[in-house]
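Asks: The structure's right below; bear with me while I get my questions together.
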Amino acid sequence: MARPVAPPGLTLLMVDVQDVFLRALPAAGTPLTRRCAFVAAAAQLLQIPIAFTEQVPAKLGATNVAVRAAAGTKAKVFGKSAFSAFGAEGLGEWLRKQGATHLLIAGLETPICVYLTVLEAIAEDFEVTVLVDATGGRRPDDFPPVHRLLETAGARLLPSETVFYSILRDATHPQFRDFTTLVKQYA
């Protein structure tokens, strides 16, 4: 019997990875942009459903082109004005339709939109893993207290490679070789 590519119920939620926010980050967001693109590509490879949120896209622009392209054509995009991703019209229904039970969360900004999204996801009974190397914000000094509160609330905080290698479990996984190519490509 063939192994599933990824555990059922797992969904990637990419929060507000828009150029306007990436440009405000240290080093103009280049390292974070690459990590978010890696996460999107890995999720796409492992057939994990992907949703993007965009904060007021008509004014602030769309998701970064490279990150969006890495996710493939099946990823869903939700506009929002609320800081939590759960304020995006249709996101909750889409997650239920996907059978989502565990959210992998990446994006911007850790102390605002990511923080509020994680808390609301937990309140909605989702398991949550924050991909800490694929989240960021303008002020890294804000991250430690936010991370502590998110862990206290029940979220897991892990690097993306830890999560994706845990999904693969061993080198015999059918996507292992392609995944290691992604790891090298986005190193």
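Asks: Looking at segment 163-187, which of its residues are assigned to a loop (DSSP other than H, G, I, E, B) and of a type outside the set (Ser, Thr, Tyr)?
Replies: Of segment 163-187, the ones assigned to a loop (DSSP other than H, G, I, E, B) are 169-175, 186-187.
Listed by number, the residues that qualify are Arg169, Asp170, Ala171, His173, Pro174, Gln175, Ala187.
Asks: Here's a follow-up. Could you grab me the full set of residues in segment 85-127 that are outside any helix (DSSP H, G or I), without any contact (Cβ under 8 Å) to a residue 24 or more places away in the chain and not charged (D, E, K, R)?
Replies: If the condition is that a residue be outside any helix (DSSP H, G or I), without any contact (Cβ under 8 Å) to a residue 24 or more places away in the chain and not charged (D, E, K, R), then Gly90 is the only one that fits.
Asks: Another question, then. Could you tell me how many of the residues in segment 22-75 are open to solvent by 40 Å² or more (accessible area, probe 1.4 Å), at pLDDT 95 or above, in a helix (DSSP H, G or I) and not basic (Lys, Arg)?
Replies: Selection size over segment 22-75: 7.
Asks: For segment 134-154, which residues satisfy the criterion of being open to solvent by 50 Å² or more (accessible area, probe 1.4 Å), in contact (Cβ under 8 Å) with a residue 60 or more places away in the chain and not basic (Lys, Arg)?
Replies: Listed by number, the list holds a single entry, Pro140.
Asks: Within segment 155-162, is even one residue part of a helix (DSSP H, G or I), of a type in the set (S, T, N, Q), open to solvent by 60 Å² or more (accessible area, probe 1.4 Å) and out of contact with any Leu (no Cβ under 8 Å at 6 or more places or on another chain)? Write out each step before concluding.
Replies: Step one: list which residues in segment 155-162 are part of a helix (DSSP H, G or I), which gives 160-162.
From what's left, of a type in the set (S, T, N, Q): 160, 162.
Checking which are open to solvent by 60 Å² or more (accessible area, probe 1.4 Å) leaves us with 162.
Then keep just the ones that are out of contact with any Leu (no Cβ under 8 Å at 6 or more places or on another chain); that gives 162.
Within segment 155-162, one or more residues are part of a helix (DSSP H, G or I), of a type in the set (S, T, N, Q), open to solvent by 60 Å² or more (accessible area, probe 1.4 Å) and out of contact with any Leu (no Cβ under 8 Å at 6 or more places or on another chain).
The values are calculated or read from the model by the stated rules, or taken from the named source; none is laboratory data. Everything numeric here is computed off the predicted structure, so don't read it as measured data. Glycine gets a Cβ as well: all are built from the backbone with ideal geometry, and neighbour counts include every protein chain shown. Accessible surface is based on the protein model in full, side chains and every heavy atom, while ligands, DNA and RNA are left aside. Shrake-Rupley method; radii C 1.70, N 1.55, O 1.52, S 1.80 Å.
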